[in-house]
Amino acid sequence: MAHYGMDGKVALVTGGSGGIGRATALAFARSGAAVMVADVKDDDGAETVAMIAALGGKVAYVRCDVSDGDQIKAMVAATVKEFGRLDAAFNNAGINVLGADEYQDEVWDRAIGINLTGVMRCMREEAEVMLAQGGGAIVNTSSINGIVGNPGQPAYTASKHGVVGLTRHGALRWAKAGIRVNAVCPGVIRTPMTDPLVANPEMKQLIDSMTPMGRMGEADEIAEAVVWLCSDASSFVTGHPLVIDGGATAF
């Protein structure tokens with residue numbers, strides 16, 4: 001794995017208890033950053049912290065439900081209190097409400113509240129810190145469903161399209177202030193969220209067949225892209241939704 005020179009920098013990862021979030025927290029640590037792991041899954045979050053500590057990295061955990069604006073404020077404040085600054089933020093926490101009727105108000109409101117409004121609130125609080133210190137980098141998790149449509153998931157698709165728009169807005173708003181804002185748009189990635197799908201061999205074969213590369217992506221492949229987007233190696237990249245999908249949207 002690449003080392004992107006994050007020594008002395010501080011990274012915040014929401015949804016850091018597993019999957020893409022955990023992989024990215026570890027990737028930040030391997031690149032030298034101190035890492036604040038945020039999630040609502042305390043036991044899994046503690047495992048991520050232990051994994052980073054085993055690498056010799058600086059790490060802490062804060063509980064945060066990103067549907068709650070007050071908890072987001074407290075999360076960012078805890079990061080600055082613990083490590084003194086905030087250089088990189090990966091707004092990754094989100095939900096996928098597979099099997100639910102997303103046109104029902106309760107399901108719609110929850111998906112939008114976590115996947116989109118939560119990202120907006122995180123960006124707002126993170127940018128306030130970054131503006132005061134002279135810059136930083138923010139990466140938001142969208143999806144290939146933020147680039148193309150999905151006939152079965154209106155709320156998820158709308159929220160992830162919204163994240164792309166919000167990312168472009170933030171990039172334009174803070175470009176001259178030294179804050180870069182980008183998004184990653186993963187295809188189907190092997191994570192605890194997708195494990196129930198691929199447990200069925202027929203479903204696994206179907207998913208693989210939908211990707212030109214013939215396989216699912218791995219969480220580490222997304223993590224590497226996130227750390228690159230937060231590093232000086234991508235210093236002229238902002239407002240970009242980076243699709244990482246094995247060619248699924250190239251048709």
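Return the only residue of I189, I144, I179, I222 being in contact with an Asp or Glu (Cβ under 6 Å, 6 or more places away or on another chain), surrounded by 15 or more Cβ atoms within 10 Å (Cβ to Cβ), under 28 Å from V237 (Cα atoms) and not polar (S, T, N, Q). Before the answer, list the steps.
Numbers: I189 fails: in contact with an Asp or Glu (Cβ under 6 Å, 6 or more places away or on another chain); I179 fails: in contact with an Asp or Glu (Cβ under 6 Å, 6 or more places away or on another chain); I222 fails: in contact with an Asp or Glu (Cβ under 6 Å, 6 or more places away or on another chain).
Of the residues listed, the single one that is in contact with an Asp or Glu (Cβ under 6 Å, 6 or more places away or on another chain), surrounded by 15 or more Cβ atoms within 10 Å (Cβ to Cβ), under 28 Å from V237 (Cα atoms) and not polar (S, T, N, Q) is I144.
Would you mind stating whether A2 is assigned to a loop (DSSP other than H, G, I, E, B), of a type in the set (A, V, I, L, M, F, W, C) and surrounded by fewer than 16 Cβ atoms within 10 Å (Cβ to Cβ)? It is true that A2 is assigned to a loop (DSSP other than H, G, I, E, B), of a type in the set (A, V, I, L, M, F, W, C) and surrounded by fewer than 16 Cβ atoms within 10 Å (Cβ to Cβ). For segment 47-97, the set of residues classified as in contact with a Phe, Trp or Tyr (Cβ under 9 Å, 6 or more places away or on another chain) and more than 18 Å from L116 (Cβ to Cβ) consists of T48, V49, I52, G57, K58, A60, A88, listed by residue number. Do you know which residues across segment 225-251 are surrounded by fewer than 17 Cβ atoms within 10 Å (Cβ to Cβ) and either of a type in the set (D, E) or under 16 Å from A88 (Cβ atoms) (or both)? Hits for segment 225-251 are D232, A233, S235, V237.
Look at I72 and say whether it is in contact (Cβ under 8 Å) with a residue 12 or more places away in the chain, in a helix (DSSP H, G or I) and in contact with an Asp or Glu (Cβ under 8 Å, 6 or more places away or on another chain). So I72 passes the test. Looking across segment 21-51 at every residue that is within 16 Å of the chain's Cα centre (by Cα) and of a type in the set (S, T, N, Q), the one that is surrounded by the most Cβ atoms within 10 Å (Cβ to Cβ) is identified as T24.
We did not get these values from a lab; they are worked out from the coordinates using the rules stated. Keep in mind the model is a prediction, meaning the values are calculated, not measured. All Cβ positions, even for glycine, are placed from backbone atoms using ideal geometry, and neighbour counts span all protein chains on display.
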